[in-house]
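Visitor: Once you've had a glance at the structure underneath, I'll fire off some questions.
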Amino acid sequence: MEFRNMFKNIFGGKTEPPVKVYYKTINDYCPTFSNFNGGLYDSIIVRACVDAIARNGAKLKPRHIRSVDNKTQPVTQSNIEYLLAVRPNIYMNAYDAWYKVISQLETHNNAFVYLRWEKGKLAGLYPINFSSVEMVEYLGELYVKFNFLTGFKMTVPYAELIHLRRHFNENDIFGDDAETPLKPALKVIRTASEGIINSIYSSSRLRGLLKITGALRPEDLKKQRDQFVSDYLNINNDGGIGALDTKMEFTPIKIEPQTADSDQLSDVRDDVYRYFSVSEKIINSSYNEDEWNAFYESVIEPIAIQLSLECTAKIFTEREIGFGNNIIFEANRLQYASAKTKISLIKELMPLGILTFNEGREIFNMASVPDGDKRIVSLNYIDASKANKYQVGEDDNKKQD
């Protein structure tokens, strides 16, 4: 039986170009990027922020559409849409795959998705988790060399990769690292947490001076002290009471450890929230309609635009794009609206023919019904060009003649 593993399932029998040189950019002769982030994702605050963005971004719905003569229509039974919206690869469903991509984007400010082609047909999309990448060149074409934690290496054309970037500023190809702006705030939070733990530990232990009457040799004094510690300052002394004779006197020392107060920690946490453009209500899922809309427009929608543009450019050829093929990532934002807002929208939009019956039912998370794709229009609305004829019986064309 042929030995199979994940590396082979993803890249198949792909061969690397034999000779590669670093791709020289404008500002960096050796463009490389490392996924090492100093354990940012290990922070509970960073992980909560990333999770809030990824779990909502992964709910975006990819669609394959075609625009012809300013008319947009979905492409039915599209293999591409199936891969994007249902099962991108043999290891992940669509939600898991896009969650992973967005998590890597928010954590590392870079995310790669490898497009596997078989006989000219898209066969899978694989999020690539790497340790470092290098941009190289071969025969005038840009390649990306991935280095993995297992020691595997693979070089693939940049044209076969969906590349998402965040904080794309100083580097010519990669998004800037996340460690530099986040590390100071996380260090304060980590130090404060350790200080609280240490203060609890210190407060639970007995501290003081043991005074022994009489002149003793240093070794005897140490022996008496060790005996006292062994008898009363060990885990087995759960009574909390010690007994001393007249030769000993114990004077406790009160320790008041200093820790950061809640306001100081809140200010530091807010710095992390601002970096990810999220609020505590978004993280705790206690947001209202306006707070969700602000979060969607400032965080989720930019990701949807990136995904739409990259998928369209990398999946379709220029000729296919010229025929109107596009990939869009959309979301039903109305599912987060209040019932009052939903009712108002249906009452206002359905008489204008903007919504069908099934689209109105979808707003309330109701299943579609047969013949529910019809539109209704109120007779109170007419074509503006026919208003005079409808109201006073005059024909503008005849009147002009």
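The values are calculated or read from the model by the stated rules, or taken from the named source; none is laboratory data. In this text, all values refer to a predicted model and were calculated from it rather than measured experimentally. Neighbour counts run over all protein chains shown; Cβ positions are idealised from the backbone, glycine included.
Visitor: Is it fair to say I26 is modelled with pLDDT under 90, in contact with an Asp or Glu (Cβ under 8 Å, 6 or more places away or on another chain) and more than 21 Å from F130 (Cα to Cα)? Give the steps one after another, and end with the answer.
Guide: Values: modelled with pLDDT under 90: yes; in contact with an Asp or Glu (Cβ under 8 Å, 6 or more places away or on another chain): yes; more than 21 Å from F130 (Cα to Cα): yes.
The answer is yes for I26.
Visitor: Still on this structure: Out of the residues in the stretch 32-46 that are outside any helix (DSSP H, G or I) and at pLDDT 75 or above, state the one that is farthest from I102 (Cα to Cα).
Guide: T32
Visitor: Report yes if some residue within the stretch 77-84 is in a loop (DSSP other than H, G, I, E, B), more than 26 Å from C49 (Cβ to Cβ), polar (S, T, N, Q) and more than 25 Å from the chain's Cα centre (by Cα); otherwise report no.
Guide: Yes, some residue in the stretch 77-84 is in a loop (DSSP other than H, G, I, E, B), more than 26 Å from C49 (Cβ to Cβ), polar (S, T, N, Q) and more than 25 Å from the chain's Cα centre (by Cα).
Visitor: Check I343, I376, I363, I321 and return the single one that is more than 30 Å from I282 (Cβ to Cβ), of a type outside the set (F, W, Y) and modelled with pLDDT under 85. Write out each step before concluding.
Guide: Details: I343 fails: more than 30 Å from I282 (Cβ to Cβ); I363 fails: more than 30 Å from I282 (Cβ to Cβ); I321 fails: modelled with pLDDT under 85.
Criteria check complete, one pass: I376.
Visitor: While we're looking at this one, here's another question. Show the residue pairs meeting these rules: Cβ distance below 6 Å; 6+ apart or different chains; first residue within the stretch 59-85 and touching a residue at least 60 places away in the same chain (Cβ under 8 Å); second residue among the aliphatic types (A, V, I, L, M) and not in a strand (DSSP E or B).
Guide: That search, which allows pairs on different chains as well, returns L60/A304; L60/A331; P62/L84; P62/A85; H64/V75; H64/I80; R66/V75.
Visitor: With respect to Y114, is the statement that it is over 24 Å from Y275 (Cβ atoms), among the aromatic types (F, W, Y) and in a loop (DSSP other than H, G, I, E, B) true?
Guide: Numbers: over 24 Å from Y275 (Cβ atoms): yes; among the aromatic types (F, W, Y): yes; in a loop (DSSP other than H, G, I, E, B): no.
Judged against the criteria, Y114 is not a match.
Visitor: Within the stretch 51-87, count every residue that is more than 23 Å from K121 (Cβ to Cβ), touching a Ser or Thr at 6+ places or on another chain (Cβ under 6 Å) and either among the hydroxyl-bearing types (S, T, Y) or at pLDDT below 95 (or both).
Guide: 0
Visitor: Related question: For the stretch 96-124, what are the residues that are more than 21 Å from K24 (Cα to Cα), touching a Phe, Trp or Tyr at 6+ places or on another chain (Cβ under 7 Å) and crowded, with 16+ Cβ neighbours inside 10 Å?
Guide: E106, T107, V113, Y114, R116
Visitor: Can we say Y82 is hydroxyl-bearing (S, T, Y) and surrounded by fewer than 20 Cβ atoms within 10 Å (Cβ to Cβ)? Outline the logic, then answer.
Guide: Working: hydroxyl-bearing (S, T, Y): yes; surrounded by fewer than 20 Cβ atoms within 10 Å (Cβ to Cβ): yes.
The answer is yes for Y82.
Visitor: For residues in the stretch 282-328 being closer than 13 Å to R66 by Cβ and small (G, A, S), which is surrounded by the most Cβ atoms within 10 Å (Cβ to Cβ)?
Guide: G324
Visitor: Got at least one residue in the stretch 291-302 being modelled with pLDDT under 80, of a type in the set (S, T, Y) and out of contact with any His (no Cβ under 9 Å at 6 or more places or on another chain)?
Guide: no
Visitor: Okay, next question. Kindly evaluate P181 against the criterion of being outside any loop (DSSP other than H, G, I, E, B), out of contact with any Cys (no Cβ under 7 Å at 6 or more places or on another chain), at pLDDT below 90 and not small (G, A, S).
Guide: Numbers: outside any loop (DSSP other than H, G, I, E, B): yes; out of contact with any Cys (no Cβ under 7 Å at 6 or more places or on another chain): yes; at pLDDT below 90: yes; not small (G, A, S): yes.
For P181, the condition - outside any loop (DSSP other than H, G, I, E, B), out of contact with any Cys (no Cβ under 7 Å at 6 or more places or on another chain), at pLDDT below 90 and not small (G, A, S) - is met.
Visitor: Against the definition (over 17 Å from H163 (Cα atoms) and among the β-branched types (V, I, T)), how does V86 come out, yes or no?
Guide: Against the criterion (over 17 Å from H163 (Cα atoms) and among the β-branched types (V, I, T)), V86 qualifies.
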